[in-house]
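Working notes, structure below.
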Amino acid sequence: MLHRRADQSLIERTRQIRRGLMGTPLIPLTDEQCDIVAKLEFCNPTGSSKDRSALRILEQAIGRGEIAHDTTVVESSSGNFALALAFYCRMLGISFVPVIDPNCNEATEAQLRLLCDRVEKVSIRDVTGSYLKNRLSRVQELLVELDSAYWPNQYANPDAREAHYHFTAGELIAQAGPLDYLFVGVGTGGTIAGLSRRIKETYPDCVVVAVDAEGSVIFGGPPKERRIPGIGSSIVPPLCGQALIDQVEIVSEARAVEACGVLAAKFGLYAGGSTGSTYAAVQDYFARHRPGAHRPRVAFIAADRGHAYAQTVYDPTWVQQLRAEAAQPAGVETLAVN
Ligand SMILES: Cc1ncc(COP(=O)(O)O)c(C=O)c1O
C-alpha cells in the first residue's frame with residue numbers, strides 16, 4: 001500500500017460529514033421481566049450499523065495517507081457494508097468496487113450498480129459451499145490489477161472495532177445509563193469487539209451476550225446452510241477474538257423470523273433478520289434465567305431494517321419453506337452462505 005501525505009481536502013470533507021451525524025435513537029420496549037432498550041442502528045444514513053465501520057475506516061485511512069482522490073476502494077461485501085462504503089465513497093469522490101455474489105439481494109445489487117462505476121460479481125462457490133473465499137480471492141486480484149487500491153478488510157480492521165468503541169458505545173452509554181446486559185449479533189465481530197470493550201470499561205458488571213446464527217462456525221458449531229445475512233460467518237473473524245464476551249446465544253433462523261414478527265406486531269418495528277435473532281436471544285435467555293426482584297436493564301442492537309428481507313423473512317411462502325426444511329432431519333451435505 002502506498003503511503004502518501006494525507007490529502008487535506010479529503011480530511012476536511014470527512015470532518016464535515018462526521019459533524020453532521022446525530023447518532024441513532026434508543027427506544028424502550030415493554031417487557032414483563034426486564035427493562036429492554038433497542039439501539040436502532042438502522043437509523044444510520046445508509047440504514048445499518050455498517051455506516052459506523054465504513055466511515056471510521058475511510059476517515060482513518062485518509063488521515064494516514066492510505067486513501068487519496070485517485071484511490072479505488074475494493075471490498076468483499078454483498079450487503080450493508082458495501083452500501084455504506086458506496087455512499088461514503090461517493091460523498092468523498094472516491095471510486096469503490098464492491099465484490100458481491102449471487103446471494104446479494106436484488107435491490108442491494110441495483111443500488112450498488114447505481115452508486116459504483118464497477119461491480120464485481122463472483123459466481124463460483126468454494127468447497128464449503130460459501131462464496132466468501134472466492135470473493136476474497138477476487139479482492140486480492142483487484143488490489144494487484146488496480147494502480148492505487150485500498151482494501152478496508154472489514155473482518156480484521158481494528159478501525160471497525162474502534163468505530164463502535166467510540167461512537168456506538170459512546171452514544172449507548174450516554175443514552176442508556178447503567179446496563180446489566182448487552183446483546184449483540186456477531187458477523188465480522190467489529191460491533192461486539194468495540195461495544196463490549198467500552199461497555200465493560202464503564203459498567204464492568206454488564207454481561208455481554210454474543211448472538212450467533214445456527215450454522216455459523218464463529219463459536220465452534222458445525223457449518224450449515226444459512227440464509228439470513230449479516231449475522232454468523234463461515235470463518236472465525238479475527239475481530240471476534242478482541243471482544244469481551246460472557247455468554248453466547250445461538251439462534252435458529254426459524255426463531256429469528258418468529259421474533260421479527262413479534263417486533264413488528266408488538267412494537268411496530270420493521271427490522272432485519274439479525275435483529276430478530278438478537279431479540280429472540282434476549283427472550284430465550286431470560287426464559288431460562290428468570291430475573292429475581294431486580295428488573296435487569298437490557299440493551300440490544302437493531303442492526304438493519306426489514307426492507308431487504310421482504311422476499312425472505314417477511315414472505316410467508318419463504319417462511320413456510322424454511323420451517324419445512326427445519327423440520328427435516330439434518331442432511332448429509334451442509335452449506336454456508338457468508
Ligand atoms: C445486518 C447486520 N449488520 C451487522 C451486524 C454485526 O456486525 P459485525 O459483527 O460485522 O460488526 C450484524 C450482526 O448481527 C448484522 O446482522
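The values are calculated or read from the model by the stated rules, or taken from the named source; none is laboratory data. Note that the coordinates shown come from a computational prediction; the quantities given were computed from them, not determined experimentally. Ideal geometry is used to build each Cβ from the backbone, glycine not excepted, and the neighbour counts take in all protein chains shown. Each accessible area value is taken on the protein alone, full model and side chains, heavy atoms only, with ligands, DNA and RNA left out. Shrake-Rupley method; radii C 1.70, N 1.55, O 1.52, S 1.80 Å.
Can you compute the helix-only [θ] at 222 nm over the chain? Use -39500 (n - 2.57) per DSSP H run of at least 4 residues, normalise by all residues, nearest 500 deg cm²/dmol.
Numbers: 11 runs with 134 residues, N = 338.
Computed mean residue ellipticity for the chain: -12500 deg cm²/dmol.
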Open item on the list: At 1.4 Å probe radius, can you tell me the per residue accessible area of the chain in Å²?
Closed with: 43
Task: Convex hull per residue volume in Å³, alpha carbons only, for the stretch 200-263 - done: 107
- [ ] Report the far tail of the P(r) of the stretch 189-338, meaning the percent of Cα-Cα pairs longer than 26 Å.
- [x] 27
Task: Scattering profile of the chain at q = 0.08, 0.12, 0.15 Å⁻¹ [log10 I(q)/I(0), Debye over alpha-carbon scatterers] - done: -0.36, -0.83, -1.29
Task: Radius 13 Å from Cβ of L172, net charge of other residues (Lys, Arg +1; Asp, Glu -1) - done: +3
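Counting Lys and Arg as +1 and Asp and Glu as -1, each charge on the Cβ, what is the dipole of the stretch 51-150 about the Cα centre in debye, to the nearest 20?
On the way: 11 positive and 14 negative charges, 47 e Å.
Dipole about the Cα centre, nearest 20: 220 debye.
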Task: Kirkwood-Stokes translational diffusion coefficient of the stretch 51-150, alpha-carbon pairs, 10 °C, 1.306 mPa s, µm²/s - done: 116
TODO: Pop out the carbon and sulfur fraction of the accessible area of the stretch 51-150 as a percent, whole number, probe 1.4 Å.
DONE: 50
- [ ] For the stretch 162-174, take each phi angle, set θ = phi - 60°, evaluate the Karplus expression 6.51 cos²θ - 1.76 cosθ + 1.60, and give the result in whole Hz per residue in order, putting x for glycine and proline.
- [x] 5, 4, 6, 4, 6, 9, 4, 5, x, 5, 4, 5, 5
Task: Positive-end extreme of charge dipole, the chain - chosen from C116, A265, A169 (charges on Cβ) - done: A169
Open item on the list: Which one, T275, V97, Q60, is farthest towards the positive end of the dipole of the chain when Lys and Arg carry +1 and Asp and Glu -1 on their Cβ?
Closed with: Q60
- [ ] State to the nearest 20 debye the size of the charge dipole of the chain about its Cα centre, where the only charges are +1 on K and R beta carbons and -1 on D and E beta carbons.
- [x] 500
- [ ] Report the normalised scattering of the stretch 1-122 as log10 I(q)/I(0) at q = 0.10, 0.22 Å⁻¹, calculated by the Debye formula with identical scatterers on the alpha carbons.
- [x] -0.37, -1.22
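Take every DSSP beta bridge with both residues inside the chain and express the antiparallel ones as a percent of the total, to the nearest 5. Could you put the intermediate results ahead of the total?
Details: 6 of 34 bridges.
For the chain, the DSSP antiparallel bridge percentage is about 20.
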Open item on the list: How charged is the neighbourhood of R90? Take every other residue with its Cβ under 12 Å from the Cβ of R90, and add Lys/Arg as +1 and Asp/Glu as -1.
Closed with: 0
Open item on the list: Could you tell me the center-to-center distance, by alpha carbons, between the stretch 115-193 and the stretch 90-104 in angstrom?
Closed with: 13
Task: Part-to-part distance (alpha-carbon centres) for the stretch 44-87 and the stretch 232-272, which is given in Å - done: 23
Task: Within straight-line cross-link reach of K200, lysines at Cα separation under 20 Å, skipping those fewer than 8 residues along the same chain - done: K39
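Taking N as the number of residues in the stretch 70-218, what is its alpha-carbon radius of gyration divided by 2.2 N^0.38 Å?
In units of the 2.2 N^0.38 Å rule of thumb, it is 1.18.
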Task: Percent carbon-and-sulfur accessible area, the stretch 218-338, ignoring ligands, DNA and RNA, probe 1.4 Å - done: 55
- [ ] Just add up the charged neighbours of R135: K/R +1, D/E -1, any other residue whose Cβ is under 10 Å from the Cβ of R135.
- [x] -1
